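I have placed the structure first, in the form of structure tokens, so that the comments after it can refer back to it.
What follows draws every value from the coordinates through simple rules; no lab data is involved. None of the values given here were measured: they were computed from a predicted structure. Counting neighbours? That spans all protein chains shown, and the Cβs are built from the backbone with ideal geometry, glycine included.
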Amino acid sequence: MFQTKLLQFVLRRCILLAWGLTFLFLQGCSSLQPIAKVNSHESTQAENQAAATSWQPEDQLKWEVVKIPGKAPTQYSLVRLSDRRSLMASASSSASMLRKELRIEPAQLNELSFSWQIQKLIDGADMAQRDQDDSPVRLVLAFDGDRSQFSPKNAMLSELTHALTGQPMPYATLMYVWCNQRPVNSVIQNPRTDRIRKIVVETGASRLNQWITYERNIRADYEKAFGEPPGALIGIGLMTDSDNTRSQAQAWYGPIQLIASKGKPAL
């Protein structure tokens with residue numbers, strides 16, 4: 001009985017960090033708006049820009065809330081900051097996620113644009129340590145893949161996930177994060193499973209209290225983090241969490257945009 005409870009606890013933590021709860025993550029794909037098709041290989045940059053899915057803060061507020069059993073939820077609300085719409089996240093020793101399901105095949109993965117702002121760093125947070133694994137902002141991407149390549153530990157976690165939820169855990173999860181001290185573009189492996197890896201896109205306190213916009217190449221970042229080509233992108237999410245450090249965190253998220261590969265339909 002003790003061993004079963006321990007496995008369930010480990011499983012819940014891994015699902016939280018991989019994708020909230022997998023069964024919530026994978027349900028109900030019908031509400032996704034398809035990415036527009038690019039008509040020819042001669043598409044201009046403007047046409048390629050049109051081949052995108054964009055989510056404004058008010059859309060993100062409608063994403064499904066993924067609550068974590070036994071955790072107080074982070075509060076998400078729509079506000080204006082610096083005269084622009086934003087999604088505010090307020091965490092008080094809490095953790096929960098907003099997520100959106102989708103499917104973009106590997107050949108169509110291209111650029112990702114997003115923006116955020118934070119008020120302060122989380123003192124004592126360290127995403128490489130089990131008990132300090134908090135971040136004021138996370139943009140989370142979940143991927144499909146060949147689960148037969150899992151290590152015995154990850155295979156066990158995926159099987160337990162499937163048994164409890166009816167769905168396997170994502171093959172791989174890539175997070176963009178703000179770190180207290182590691183250099184930008186560092187890759188942090190999750191302390192619980194190597195199927196979750198984080199790329200530091202911002203570090204330190206030099207750019208607090210200002211909007212920062214990022215443009216990332218999903219394929220290149222996945223290959224850097226995991227050392228292999230990506231599978232299909234099956235979900236995207238936002239998460240502000242402070243449950244491990246028992247602290248306060250506040251963040252603001254701006255629009256998110258996924259851009260299809262030039263000359264390739266996205267769906």
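Quick notes
- Computed E for E105/D131 - FRET, C-beta separation, R0 41 angstrom, nearest 0.05: 0.60
- Spatial offset of region 235-250 relative to region 45-114 amounts to 14 Å, using the alpha carbon center of each.
- With R₀ set to 35 Å, the beta-carbon distance separating H162 from S90 gives a calculated FRET efficiency near 0.55.
- Note on L139, L174: ascending count of other Cβ atoms within 10 Å places them as L139, L174, the fewest first.
- Residues D243, D131, sorted so that the one with the fewest Cβ neighbours within 10 Å comes first: D131, D243
- A simple charge model with +1 on the Cβ of Lys and Arg, -1 on the Cβ of Asp and Glu and nothing else charged puts the dipole of region 162-267 at about 120 debye relative to its Cα centre.
- Counting 0.36 nm for each residue step from Q181 to Q119 and taking away their Cα separation leaves a gain of 20.7 nm.
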